[in-house]
Amino acid sequence: MHILITGGAGFIGSHVVRHLVTTYPQYTITNLDKLTYAGNLENLRDVEDSRNYRFVRRDITDSAAMLELFEKEGFDGVIHLAAESHVDRSIASPTEFVMTNVLGTVNLLNAARAVWKEDFSGKLFYHVSTDEVYGALGNKDGAFTETTSYDPHSPYSASKASSDHFVRAYHDTYGMPTVISNCSNNYGPYQFPEKLIPLFINNIRNNKPLPVYGKGENVRDWLWVVDHAQAIDVIYHNGEPGETYNIGGRNEWKNIDLIRLLCRIMDRKLWRVEGKSEKLISYVTDRAGHDFRYAIDSSKLQKELGWLPSLRFEEGLEKTVDWYLENQEWLDHVTSGEYQRYYEEMYGE
Ligand code: NAD
Ligand code: TYD
């Protein structure tokens, strides 16, 4: 079994690569990544020498390069995570999101189709998506299910929604075995410190302000990233082609409550007087089009494929803080830009 993972040098992708490389030594795992600002090969130091792992630096927007790679390697399966993933960046420069998230996905689908032809037996194209395609929930109960209508608001979620539609279209039109999962917000080790949790851990560490958008009342549903990687494994091996699976831990937090909890954990870990980190909170102008609440219903995945999240959030957040404090070199390399030299050091190109 030869699986192509795209975006494997990113946050979630690196956990998926690590999980598959170590769980399935009999598989060959190829990690394809462009190494944009979000790609960091230091995320994979512990598995980079594994016999069943290889890395290729490619851009999924390059259709000829995708076709050439598929013709050479013939992959049995694809787990597609490569994407532009940060909402704030999508507001500042949407076109990049169309290119990578929409065109890049279509290029991969075309390359898979050209090489797999009509013989799809044993093949699978797995597209990793987000709950943000469903839009926003109000201040009430209720959660997104697999049949919730798409209603994206940000350029990021619009581009992911579009890519989901293309994946479904290739299933319905060409009979390609595809599967899609839509997951809630992930947290854990190796997340780029532009996203809420690692950004705030880093700012607290450096006594810098914590920019809370609006009143901090928006709600996100947080999942431990290793549980996401585990869910992807379960869906890849047991999911039904043509189906969609929502992934989430029913773990909703108002941003400000999460931030206060994080501040308390950081005070304790850094031996600071309780309340010191909270003083760094600074309310700033709200994000444009800021989705109010996300919550995901993953009962289909739980009932049909038996997946369950493994960690309580309080425990996961504590583990996350410990990881960033124990891996300050990783964080410093990211903030200084040093991490971008690792590819040349490793591969000499
Ligand atoms: P990330 O930004 O950390 O990583 C994205 C990776 O894709 C990087 O390694 C980057 O170099 C690579 N990449 C970007 N453009 C590329 C291109 N043109 N060609 C090849 N590689 C390219 O993202 P993440 O948070 O790990 O998210 C991974 C996937 O999971 C995305 O598809 C995202 O939409 C989805 N997702 C993320 C979350 C979350 O909370 N982070 C939740 C649900 C779904
Ligand atoms: P983020 O981690 O960017 O994920 P997403 O936008 O995909 O949900 O943001 C999580 C929440 O935190 C979101 O409601 C926006 C908010 N937020 C802030 O209040 N301040 C910040 O500096 C960031 C990055 C996010």
Open item on the list: Being more than 15 Å from ligand 1 (Cβ to nearest atom) and closer than 21 Å to ASN327 by Cβ: is that true of ARG168 here?
Closed with: no
- [ ] Report whether or not LYS208 is within 20 Å of GLU252 (Cβ to Cβ), among the basic types (Lys, Arg), open to solvent by 20 Å² or more (accessible area, probe 1.4 Å) and assigned to a loop (DSSP other than H, G, I, E, B).
- [x] no
TODO: Only residues in region 274-289 that are touching a residue at least 60 places away in the same chain (Cβ under 8 Å) count as the first member; pair them with residues that are away from ligand 1 (no atom under 16 Å from the Cβ) and among the hydrophobic types (A, V, I, L, M, F, W, C), Cβ under 6 angstrom, at least 6 apart or cross-chain, and list the lot.
DONE: SER277/ILE204; SER277/CYS263; SER277/MET266; LEU280/LEU210; ILE281/LEU210; ILE281/VAL212; TYR283/VAL212
Task: Flag if LEU317 is of a type in the set (A, V, I, L, M) and not in a helix (DSSP H, G or I) - done: no
Open item on the list: Name the single residue that is farthest from HIS127 (Cα to Cα) among those in region 90-99 being surrounded by fewer than 23 Cβ atoms within 10 Å (Cβ to Cβ) and in contact (Cβ under 8 Å) with a residue 40 or more places away in the chain.
Closed with: ILE91
Task: Any chance GLY104 is under 20 Å from ALA9 (Cα atoms) and more than 15 Å from ligand 1 (Cβ to nearest atom) - done: no
Task: Among the candidates ILE232, ILE281, residue that is within 30 Å of GLY175 (Cβ to Cβ) and of a type in the set (A, V, I, L, M, F, W, C) - done: ILE232
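The values are calculated or read from the model by the stated rules, or taken from the named source; none is laboratory data. The structure presented is a predicted model; accordingly, all values stated were derived computationally and were not measured. Cβ sites come from the backbone with ideal geometry, for glycine too, and all protein chains shown count toward neighbours. Side chains included, ligands, DNA and RNA excluded: accessible areas come from the protein's heavy atoms. Shrake-Rupley method; radii C 1.70, N 1.55, O 1.52, S 1.80 Å.
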